[in-house]
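Inspection log for the structure reproduced underneath, given as structure tokens.
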Amino acid sequence: MKQYSELHKGHRQRMRKRFEESGGLSAFSEHEILEMLLYSFIPRKNTNEIAHSLLKTFLTIDNVLNADVKALEEVKGISHNTAVGISFLKEFFNYYSTKALEHICISDRKQLETLLRLIYQGINVEVVKAICVDDSLNVKKVEDISVGSEISSTADISKIAKVMLNCNCSKLILVHNHPEKTSIVSRRDLITTKKISTALDMIGMKLIDHYIVAETEILSMAENGMISEI
């Protein structure tokens, strides 16, 4: 501990000052960003070495934040509390990104695509989300419907309707991602979308679009004539 304090005396203060003076993280390498992130969880150790170990194991910051607690704990220097803290940060970032972009108007395609990219940032499994909008097409709520599997018309319609009722919205955008990088619409996608649209119509609600988010493309079923036009 004495050796560490002598070699790194004032190091954290210098890093923080550098951040303040640069006005952001563009001048920092990935291991330096992780090093500073770990300051809050690891107050009295050399987090530079731990940051290097994390990147050696997970390759990128995205992968570090998306790693589960058990995998993080296997890295030397990462305690259970630190692993939970890193996991919490990922959920916090996702929550903040979604909240920050709620109330945008989906009639602005650029804003909508920004929202869709942010809510799927760092997600490597298929996730179905419901985006509830008001009569003016302003986003009121973004909610996960199912995780890790294709959308199911039988299991998800009641959950979708409940989310819409809770935020007092009668219009819905359905969206799911394709982690395999292709935006090709499957037969199951089409059948399920039609069933959900019909079910919502029966209770006075409306599915106005279903988007598929892939790595390089965002496909709109409505714009491609696959469901009723908005």
Per-residue counts of other Cβ atoms within 10 Å, averaged by peptide: what ranking do you get for 207-218, 81-92, highest first? 207-218, 81-92
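What is the count of Lys pairs in segment 2-97 whose alpha carbons sit under 17 Å apart, if the two are 8 or more places apart or on different chains? Before the final figure, lay out the partial values.
Values: 2/45; 9/17; 9/45; 45/76; 56/70; 56/76; 70/90.
Taking segment 2-97 as the scope, the lysine pair count is 7.
Please state the charge dipole magnitude for segment 103-220, taken about the Cα centre, from unit charges on C-beta atoms (+1 on K and R, -1 on D and E), reported in debye and rounded to the nearest 20.
Values: 15 positive and 15 negative charges, 43 e Å.
Result for segment 103-220 is approximately 200 debye, rounded to the nearest 20.
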Size of electric dipole in the chain: Cβ of Lys, Arg +1 and of Asp, Glu -1, about Cα centre, debye, nearest 20: 720
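With +1 on each Lys and Arg Cβ and -1 on each Asp and Glu Cβ, and nothing else charged, work out how big the dipole of segment 2-97 is about its Cα centre, in Debye to the nearest 20.
On the way: 13 positive and 12 negative charges, 96 e Å.
That gives a dipole near 460 debye.
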Arrange 164, 202 by Cβ neighbour counts within 10 Å, fewest through most, would you? 202, 164
Could you work out which residue, out of 72, 25, 190, moves most in a Gaussian network model of the chain, that is, has the largest mean-square fluctuation with Cα springs under 10 Å? 25
Placing +1 on each Lys and Arg Cβ and -1 on each Asp and Glu Cβ in the chain, then taking the dipole about the Cα centre, the residue among 28, 128, 39 whose Cα reaches farthest towards the positive end is 39
Rounded to the nearest 5, what % of DSSP beta bridges with both residues in the chain are antiparallel? 70
Kindly identify segment 2-97 as rounded, prolate or oblate by the Cα gyration tensor criterion: order the square roots of the eigenvalues as a ≥ b ≥ c, call it rounded if a/c is under 1.5, otherwise compare a/b with b/c, prolate if a/b is larger, else oblate. oblate
Quick one: check the C-alpha center-to-center distance for segment 203-225 versus segment 6-67, whole angstrom. 40
What lysines sit close enough to residue 181 to cross-link, taking a C-alpha to C-alpha distance under 19 Å and skipping anything fewer than 8 places away on the same chain? 129
Per-bin percent of Cα-Cα distances, the chain [5 Å]: 1, 6, 13, 15, 15, 13, 9, 8, 8, 6, 3, 2, 1, 0, 0
Applying the gyration tensor rule to the Cα atoms of segment 103-220 (axes a ≥ b ≥ c; rounded if a/c under 1.5, else prolate if a/b exceeds b/c, else oblate), the class is oblate
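In segment 18-80, which GluC sites (Glu not before Pro) fall in coil by DSSP and have 14 or fewer other Cβ atoms within 10 Å?
Qualifying residues, ordered by number: 74.
A short reminder: the numbers here are calculations on the coordinates, not readings from a lab. Please read all numbers here as calculations on a predicted model, not as lab measurements. Using ideal geometry, Cβ is built from the backbone for each residue, glycine included, and neighbour counts are taken over all protein chains shown.
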